[in-house]
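K.L.:
Starting off with a structure, shown below.
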Amino acid sequence: MLEMEIHVVDHPAGEPAVTMRIGLIVNPIAGMGGAVALKGTDGAEVPRQALALGARPLARERAEQFLARLAAQGRRLELDVAAGAMGERSAARLGIPAMVVGGQAGAQTSAADTQCAARAMAHHGCGLIVFAGGDGTARDMLDAVGDTVPILGIPAGVKMHSAVFATTPNAAAHVVERFFASDRGIEMREMEVMDIDEAMLRGGALSARLHGYARVPFERHALPGPKARDTSEDMSLEGAAAEIVRGMQAGTLYVIGPGTTMRRIKRRLGVEGTLLGVDAFLDRRPAGLDLTAKQLLDLTSGRPAKIVVGITGGQGFVLGRGNQQLSAALIRRVGRDNIIIVASVAKLVALDGAMLRVDSGEPDLDRSLAGFIRVVTGSGETAIARIGEPL
């Protein structure tokens, strides 16, 4: 992770708590493509395609989870929101008074609407602008305010390679509370905003690039940092892939997630599989490729199943980043004991305290997944890692 200038915001001890004046912008279509295997929502036609496939908008729910947690902290909150589905409706649903500042009230929103709202909030004196979206929304925020106003992302997209996102909506609320606390300071870091070409991604090519740096209130356990690619030539992963295939049980459906580590397993099963999608195998044969959340629920109905996943390098996410097809309903059905994690020792060592992360969208489920878990690291080799408690 590239880290540039580090500043510390100090609030004098003993003074009254600072009123939280924040802006909130919701990208209503963020993350819709994940569960239906579209791998993002960039492009004018993709949101409509996602809705036709049964996707439901998640950004609003995640923004409201953030707001509810923030309101429960009992602090005085002055909230600026973008119009309509971009934040206004979420505040109204929770009964939180808010001033509408910019944005678009209609159902169709654009990057220009996000940028307009962000500029208006900066002009209105917001000390921090929080947004619910993905990497594309982070780019819009950067284009609008640069480093003039701190920003913080509520994770609601599919990819989220950028370092500006909290681990969960509740973690975002925790960071905001720390930012405005009167008796503690919080580091301000210039963090990477990155994005990938979704058209290339849907074709199976991954190309991420740096777009700039945003000022972000930083807390180590609440912001995982940018996604890092594992460039090691660790041959133990081939042994791990062979181990998984050898251990496959007849009659059990194996749901295998995206990524290069998972591709090793798929290749050993005789197919190239979907690099950035979720595939399923029964009796070592493909039962379905590039599956949606609904298709996975249908396939696992009435039969034993296991989920096999890798780890997002640098961030430690096992569930909830790039594999939203593995829905909370599927995870509950399969059960924690039937989740198989595969990673190189090098990738585990690079994580903060070898801690893994999950973000299923349901905090209760995330808490039930927390604790120590085995990770397959090679042929006959395992390591113990810990899935962290959600904030």
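K.L.:
How large is the accessible surface of Asp195 in square angstrom, using a 1.4 angstrom probe and rounding to the nearest 10?
P.N.:
Surface accessible to solvent at Asp195 totals approximately 10 Å².
K.L.:
Measuring from label point to label point, each 7 Å out along Cα→Cβ, what is the Arg303 to Met248 span in nm?
P.N.:
That separation, rounded to one decimal, is 1.2 nm.
K.L.:
Also, quick follow-up: Return one quarter of the surface area of the convex hull spanned by the alpha-carbon atoms of the stretch 95-178, equal to its mean projected area, in nm². Intermediate results must be reported in sequence, preceding the final value.
P.N.:
Details: hull surface 24.1 nm².
Average of the hull's projected areas for the stretch 95-178 equals 6.0 nm².
K.L.:
Ignoring ligands, DNA and RNA, how do Ile340, Ile331 rank by accessible area with a 1.4 Å probe, largest first? Please report the intermediate quantities before stating the final value.
P.N.:
Numbers: Ile340 40, Ile331 5 Å².
Of Ile340, Ile331, the descending order of accessible area is Ile340, Ile331.
K.L.:
Follow-up. Report, by chain and number, residues whose modeled amide H sits under 5 Å from the one on Leu58, excluding near sequence neighbours (fewer than 5 apart, same chain).
P.N.:
Met32
K.L.:
Here's another thing I want to ask about it. Largest first and in whole Å, give the semi-axes of the stretch 241-287's equivalent ellipsoid, each being the square root of 5 times a Cα gyration tensor eigenvalue.
P.N.:
Numbers: eigenvalues 49, 26, 14 Å².
After diagonalising the Cα gyration tensor, the semi-axes are 16, 11, 8 Å.
K.L.:
If I ignore ligands, DNA and RNA and count only protein heavy atoms, how much of Arg89 is accessible to a 1.4 Å probe, in Å² to the nearest 10?
P.N.:
Taking all protein chains as shown, Arg89 has close to 110 Å².
K.L.:
Spin-label point model (7 Å from Cα, Cβ direction): what's the Met99 to Asp352 distance in nm?
P.N.:
Roughly 3.4 nm, to one decimal.
K.L.:
Report the antiparallel proportion of the DSSP beta bridges in the stretch 256-391 as a percent, rounded to a multiple of 5. Don't skip to the end; give the middle numbers.
P.N.:
Numbers: 11 of 21 bridges.
Approximately 50 percent, going by the DSSP bridge assignments.
K.L.:
Between Asp283 and Ala370, what's the calculated FRET efficiency when r is the beta-carbon distance and R0 is 25 Å? Round to 0.05.
P.N.:
Working: r = 33 Å, r/R0 = 1.32.
For R0 = 25 Å, the calculated efficiency reads 0.15.
K.L.:
Right, another one. Considering only protein heavy atoms, what is the solvent-accessible area of Phe179 at a probe of 1.4 Å, reported in Å² to the nearest 10?
P.N.:
Ignoring ligands and nucleic acids, Phe179 comes out at about 20 Å².
K.L.:
Give me the one-decimal nm value for the distance between modelled label points at Glu272 and His221, 7 Å along each residue's Cα-to-Cβ direction.
P.N.:
Once both label points are built, they end up 4.4 nm from each other.
The values are calculated or read from the model by the stated rules, or taken from the named source; none is laboratory data. On a predicted model such as this, the values are computed, not experimentally measured, just so you know. Because the Cβ atoms are built from the backbone with ideal geometry, glycine has one as well, and the counts that use them run over all protein chains shown. Keep in mind that these areas ignore ligands, DNA and RNA; they rest on the heavy atoms of the full protein, side chains included. Shrake-Rupley method; radii C 1.70, N 1.55, O 1.52, S 1.80 Å.
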